[in-house]
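Notes follow once the structure below has been shown.
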Amino acid sequence: MNYRFDPEGRRLPIKLDSTSNAEYEPIPLEAHNHHANDLAQLASSGNAKRLAMHRRDFLVTAAGAATSLLAINRANAQVGKQAGYFELDADAAVDTRLAQASLGKKEFIFDVQGHYVPPSIAASRKRDCAEFDYVSRDYMRCLGADDFVKDVFLDADTDMMVLSFVPSRRDAEPLTIEEADATRRIVDELEGSQRLLIHGRVNPNQDGDLEDMDELAEKYGVSAWKTYTQWGPDGKGFYLTDDVGIAFIEKARKLGVKNICIHKGIPFGRQSYEHSLCTDIGPAAKRFPDVNFLIYHSGWIPGQPEGPYDPGRGEGLDALIRSVEEAGLGKGSNVYAELGSTWRGLMRDVDSAAHGIGKLVKHLGEENVLWGTDSVWYGSPQDQIQAFRIFQIAEDVREQYGYPAMSDDLRAKIFGLNALKPYHITREEMQMRAENDVVEQRRANYTERRDPHHLTFGPKTRREFLMFQG
């Protein structure tokens, strides 16, 4: 087969690199991460030869992904990181059917946090994205609406996604609601698949945003509100429990759109650090029990390892858990922990992954953890999906800390079933959206000629991050 992307097969299907979502400075890979990539590159060449396949042909199969995940296991184990692991038969690296049985699609996947850079900034891709230039921002061409559809719905097993927003001044939005709506229509035109929902961005501490909520609800039919408590036009954030936050929540209730997606964690700087913490989540959720609070990133702080729950930590995932428990909300409340960027970060360290996922499920409940990827900043989310599909917490760690086993049942809840409740989608509607539409037909046809690019798009170094910010 002639490939448009990476014809020599140099890129690994599990993208272990320093890419960020442009909200935090990229974190360099640790030595064991580099070792995992080296092991995967070496094994990919050997396994492809063993199967008498061209290297690129091999890397687009499930066995190619299995080879990378097994290499990550090996590299982590060599440095004593064994609290979590990717549960795969070693033969999956050279048996495409066995690999597909483990890594292939088996769940409804509802990604509640997706992003893209709009066509007004990113023209349609005209060449391989490997050639992009950060100085001219030509790499933005890789993030247009058409490519977004390919990355999310063809190269990945995603069934539905919520298109989200980044914080911005009203006169300098990188993604406007009109552009988001246009992208939704690209998908909706495929015989009304309704696979893409959209947020309404609201910075309630910015003049005019509360007033604009009416138009967002009535004209664009937003399914949720997206806000950043640590952002403000003057650099200072707000709390959900102060006058600004309460006015915002009350307006959401009045309009009948009672899903509020709140960026927590991933601090933007010292001035607003306190507003990035989850201390206000529990009190706000208790005061407004009819509102769903979807905590984007779950309060995760990039670069900080996750360990067992520590109520004295005061930040990260632990701050979210503490806030919910101190408010007396318990499991199954109106607070949901979302995994966008968080799981991608945890994948680099299986110990952090075991504790991060384990304590969120243990303390918030099996129905209160939501799947999100922050893609397409990280390219197609398929690698995140495949990794989560087989991630397991070691038995001794489960016994010691009371974490659940990562069963197919639990993964299915996190991958998509949990999000049906806040978004008021029935199981019947879920099946209608995920089966027998044109997207599914295109996906079936595309399987025979898959050409994923295995690229990430966000900044990978501090220099690139600062250029993006500037």
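The values are calculated or read from the model by the stated rules, or taken from the named source; none is laboratory data. Predicted model only: the values in this text are computed from it and were never measured. Cβ sites come from the backbone with ideal geometry, for glycine too, and all protein chains shown count toward neighbours.
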Across segment 7-24, which residue is surrounded by the fewest Cβ atoms within 10 Å (Cβ to Cβ) among those that are small (Gly, Ala, Ser) and either without any contact (Cβ under 8 Å) to a residue 40 or more places away in the chain or in contact with a helix residue (DSSP H, G or I) (Cβ under 8 Å, 6 or more places away or on another chain) (or both)?
ALA22
All but one of (1) surrounded by 23 or more Cβ atoms within 10 Å (Cβ to Cβ); (2) at pLDDT below 95 hold for GLY299; state the number of the condition that does not hold.
(2)
If you check ARG125, ARG170, which single one turns out to be part of a loop (DSSP other than H, G, I, E, B), surrounded by fewer than 15 Cβ atoms within 10 Å (Cβ to Cβ) and at pLDDT below 65?
ARG170
Could you tell me how many of the residues in segment 335-348 are surrounded by fewer than 24 Cβ atoms within 10 Å (Cβ to Cβ) and touching an Asp or Glu at 6+ places or on another chain (Cβ under 8 Å)?
1
So how many residues does segment 228-264 have that are closer than 25 Å to THR342 by Cβ and touching a residue at least 60 places away in the same chain (Cβ under 8 Å)?
5
So is LEU88 under 23 Å from ASP351 (Cα atoms) and not in a helix (DSSP H, G or I) or not?
yes
Looking at segment 86-94, is at least one residue surrounded by fewer than 20 Cβ atoms within 10 Å (Cβ to Cβ) and in contact (Cβ under 8 Å) with a residue 24 or more places away in the chain?
yes
Only one of (1) modelled with pLDDT of 70 or more; (2) surrounded by 22 or more Cβ atoms within 10 Å (Cβ to Cβ); (3) in contact with a Leu (Cβ under 7 Å, 6 or more places away or on another chain); (4) polar (S, T, N, Q) is not met by THR183, so which one is it?
(1)
Residue list for segment 194-237, restricted to those being over 22 Å from ILE266 (Cβ atoms) and β-branched (Val, Ile, Thr)
VAL222
Name the helices (runs of 4 or more DSSP H) wholly inside segment 401-450 in which the number of residues that are hydrophobic (A, V, I, L, M, F, W, C) and over 23 Å from the mean Cα position of the chain (by Cα) is 2 or more.
438-446
Would you check if ALA63 is modelled with pLDDT of 95 or more and small (Gly, Ala, Ser)?
yes
